[in-house]
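Enquirer: Below you will find the structure I want to go over with you.
Bear in mind these aren't lab numbers, they're just calculated from the coordinates by the rules spelled out. These numbers were taken from a predicted model, which means no experiment stands behind them. Here Cβ is always computed from backbone atoms with ideal geometry, including for glycine, and neighbour counts include all displayed protein chains.
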Amino acid sequence: MTINSWTLKRWAVCGVGLVSLAAVVLATVRLTQQQQVEADSNRVFELRIYHVVPGKLPVMESRFRDKTSKILARHNLNVLGYWETEDGSDNSFIFLLAHASREDAKKNWEAMRVDPEFQEILKSEQAEKTLEKADVTFMRPTDFSPLK
């Protein structure tokens with residue numbers, strides 16, 4: 001029995017297709033298992049909305065840009081992002097942090113509060129008040145949340 005080149009090509013294409021399918025299945029199973037592990041973790045997110053004294057938003061942003069963000073990072077307070085409202089009408093400065101657990105968040109915030117460099121920022125805040133009030137919300141991701 002002789003095998004022509006078309007038959008070999010067909011078998012090669014089928015073989016490549018099967019190997020590709022197997023790779024996709026393995027990757028999907030692995031990702032699914034990884035997401036289940038993440039969903040069972042104690043990770044929490046902290047949403048902070050700082051209501052700023054009218055006209056002082058640039059001062060607060062400058063403090064965070066130049067000093068506070070570095071201190072937060074030093075104390076494992078992992079900021080995912082900073083925002084301001086799009087129209088700027090309500091003087092809000094918003095940021096989101098991720099913590100391994102609520103206990104870690106508490107421990108890291110306590111360490112930051114006693115940091116001498118942060119104490120200087122607090123003195124600066126007392127001298128030039130920028131913050132009217134802060135809303136702080138801890139959030140736990142749902143099992144179907146894309147961000148865990």
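Enquirer: Please compute the contact order of the range 44-139 in relative form: average sequence separation of alpha-carbon pairs under 8 Å and at least six residues apart, divided by the residue count, as a percent.
Expert: 49 percent
Enquirer: Taking loop as defined by DSSP and a crowding limit of 11 other beta carbons within 10 Å, which chymotrypsin sites (Phe, Trp or Tyr not before Pro) in the range 55-133 fit?
Expert: Hits after loop and neighbour filter: nothing returned.
Enquirer: If packing is taken as the average number of other Cβ atoms within 10 Å across a peptide's residues, how do 119-129, 49-59 rank, most packed first?
Expert: Peptide ranking by packing, descending: 49-59, 119-129.
Enquirer: What would the Debye formula give as log10 I(q)/I(0) at q = 0.14, 0.24, 0.25, 0.30 Å⁻¹ for the alpha-carbon point model of the range 51-111, no solvent?
Expert: One equal scatterer on each Cα of the range 51-111 leads to -0.46, -1.00, -1.04, -1.21.
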